[in-house]
Structures are given as structure tokens and as C-alpha cells.
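Input: a single structure, listed below in C-alpha cells.
The values are calculated or read from the model by the stated rules, or taken from the named source; none is laboratory data. Keep in mind the model is a prediction, meaning the values are calculated, not measured. Backbone-built Cβ (ideal geometry, glycine too); neighbour counts: all protein chains shown. Just the protein is used for accessible areas: all its heavy atoms, side chains included, with ligands, DNA and RNA removed. Shrake-Rupley method; radii C 1.70, N 1.55, O 1.52, S 1.80 Å.
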Amino acid sequence: MQLEPLDKATLPKHIAIIMDGNGRWAKERGQDRIYGHHEGVLSVREVVSVAGEIGIEYLTLYAFSTENWNRPKAEVDALMELLVATIRQEVDELNRRNVRLHVIGDFAALPQLCQQEMQEAIDLTNKNNGLNLILALSYSAKWEMINAIKSIAQQALDGKINPNEISDELFHQHLCTHQFPDPELMIRTSGECRISNFLLYQLAYSELYFTPIHWPDFRREQFLHAIANYQQRERRFGKTSEQIQPSEHAPK
Ligand code: IPE
Ligand code: IPE
Ligand code: MG
């Protein structure tokens, strides 16, 4: 497929992806679900490299949700092992590509070894100033928002803030994503059209892109296609089209 060149001026700064469909992709091939997760890592590598190349500043990948702890133990264990092995293997490549790694989610819930490896990779890449790669691990938006509410309530109790001062900005400062802008584009693979507890607050005005392609088949071309699709949309933020594009609608 021939892709139109992307317009650099309207590239999203932040893209968030729900990487879904590894299990079904593997089953369709008569393989174990874990095989799908392994193949999914190749898509992660490719999407990270393309994002860096074209100048995306933030890429958030939903890798493991709070709810995913309820999967069969063998699958959870395999996913945690894969995470450790992948991060060990990829950290040099991340540095070569000037990628800075971040993790959002309930870090303490991850197995000890996983925490150590992730922390090491975060530290080893923290001088990089290219793409910010944000892995959502043991993450759920409800968990994140409840924590934010608890910490704001505590500050109010301690007399540090007045409840009347609670604003969008203040709430944002208490989310795991406080250092990052909200995603302009959220992509979900595998045909499911739901948010599955991902960035509920931050996605309030994101453009949503759903594709039937399973994650292991989501590569460079599909990623660029999603961005090109985003670039054709008009983001109105409650205004009218005429306010957004005044010249187009002006009387001749
Ligand atoms: C996404 O693929 C990866 C994780 C949630 C860890 P799935 O494992 O959800 O694959 P499907 O949706 O069952 O096909
Ligand atoms: C969402 O995928 C979580 C991740 C991609 C990590 P799931 O496969 O867990 O989502 P549901 O349960 O089908 O909505
Ligand atoms: Mg799934």
C-alpha cells in the first residue's frame, strides 16, 4: 500500500496504544497464546522505532492491565518472564534510539525481578531525550484515579489545598501521567471497540482509532496508516467547524 507522506505539522505528540489480539492471532495459527505474545514483541519493536523516526514525542503502550492478573497463572508468569527478557534485550537498542523509558501502573504489584529490571532500564535510559516510551504495566485508569482522589483528599485534610481549588490541572498533577501531555490519538488493535480501563481521564478528547488487525500484525504500515487517518480528522473541542477552519467557510 502506498502511503501519503505524513504532514509533520499535524503529527500527534502523544499516541497511546491498546495492544490487543495476541492470543487470537496465535490461536488462528494453531499455536499457544504465549506464542502470540512473543510475536507481539516484534510489533512493539517496530512501532517504537517508527515512532522515534517520525518524531512522535510520547508513545504509551498498554502492556498489562490490573484485570490481566486474573488470567491463568501460566499466562501471567509467561508474560512477566517475557517482559523481563524483552527489557534486558532491548535496553541497548533503546539507548541507541535515544528512547527514554517510563512505567505507569501499580509498580509494587509486579514480581520483584520484573521491578528490578524495569527500574534498571528506566535509570539506564533517563538521559535520553528522544521518544518517551511509557509502558502501562499493572495499570488501570480506575486504580490511577482512585489514588489521585485519595492523595488530593489527604492534601485537603492536611490543609494544603482548599477543595474549591481542585481543577482539571490539579487532578492531572496527581495522575501517573502528570509529566506527559494527553494523547491526541488512541489506537486499539484486534477489533474490540472498548477502552478496557485505559487512561480514562486522559482520553477525554483523544481521537480513537480501532482496527481489526491483531497486534502481532500491526507493523510500520498499519501504524503510519492510523496516523494518516488521524490527520484527516477535524478536532473541534466543542466548537463549530466554521470556528476551526474560518477561511474555508467564509463567504466568497
Ligand atoms: C493483548 O493480547 C496482550 C495482553 C493483554 C497482555 P491478548 O492476550 O488480550 O489477546 P486476545 O485479546 O485474547 O486475543
Ligand atoms: C486490554 O486488553 C489490556 C491490554 C492490552 C494490556 P484485554 O484483552 O485485557 O482487554 P479486554 O478484557 O478484552 O477488554
Ligand atoms: Mg485481549
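Mind listing just one residue for me: the one in segment 9-37 that is more than 12 Å from ligand 1 (Cβ to nearest atom) and under 19 Å from I187 (Cα atoms) and, of those, nearest to the chain's Cα centre (by Cα)?
A16
Please go through segment 210-237 and give me each residue that is open to solvent by less than 30 Å² (accessible area, probe 1.4 Å), more than 13 Å from ligand 3 (Cβ to nearest atom) and not in a loop (DSSP other than H, G, I, E, B), ordered by number.
F223, L224, A226, I227, A228, Y230 - these are the residues of segment 210-237 that are open to solvent by less than 30 Å² (accessible area, probe 1.4 Å), more than 13 Å from ligand 3 (Cβ to nearest atom) and not in a loop (DSSP other than H, G, I, E, B).
What single numbered condition from (1) open to solvent by less than 70 Å² (accessible area, probe 1.4 Å); (2) within 16 Å of ligand 3 (Cβ to nearest atom) fails to hold for I15?
(2)
If G55 satisfies all but one of (1) within 13 Å of ligand 2 (Cβ to nearest atom); (2) over 15 Å from H214 (Cα atoms), what's the number of the condition it fails?
Here G55 meets the rest and fails (1).
Among the residues of segment 45-57, what is the count of those that are open to solvent by 40 Å² or more (accessible area, probe 1.4 Å) and of a type outside the set (G, A, S)?
The number of residues fulfilling the criteria is 4.
Somewhere in segment 53-73, is a residue part of a helix (DSSP H, G or I) and within 25 Å of G130 (Cα to Cα)? Quick ask: steps written out before the conclusion?
To start, the set of residues in segment 53-73 that are part of a helix (DSSP H, G or I) comprises 53-54, 66-70, 73.
Cutting the leftovers down to within 25 Å of G130 (Cα to Cα) gives us 53-54.
Looking through segment 53-73, at least one residue is part of a helix (DSSP H, G or I) and within 25 Å of G130 (Cα to Cα).
Just to be sure, is V76 within 16 Å of ligand 2 (Cβ to nearest atom), of a type in the set (A, V, I, L, M, F, W, C), in a helix (DSSP H, G or I) and touching a helix residue (DSSP H, G or I) at 6+ places or on another chain (Cβ under 7 Å)? Before the answer, list the steps.
Details: within 16 Å of ligand 2 (Cβ to nearest atom): yes; of a type in the set (A, V, I, L, M, F, W, C): yes; in a helix (DSSP H, G or I): yes; touching a helix residue (DSSP H, G or I) at 6+ places or on another chain (Cβ under 7 Å): yes.
Yes: the conditions hold for V76.
Considering only segment 61-80, how many residues are surrounded by 15 or more Cβ atoms within 10 Å (Cβ to Cβ) and more than 16 Å from ligand 3 (Cβ to nearest atom)?
Total meeting the criteria: 1.
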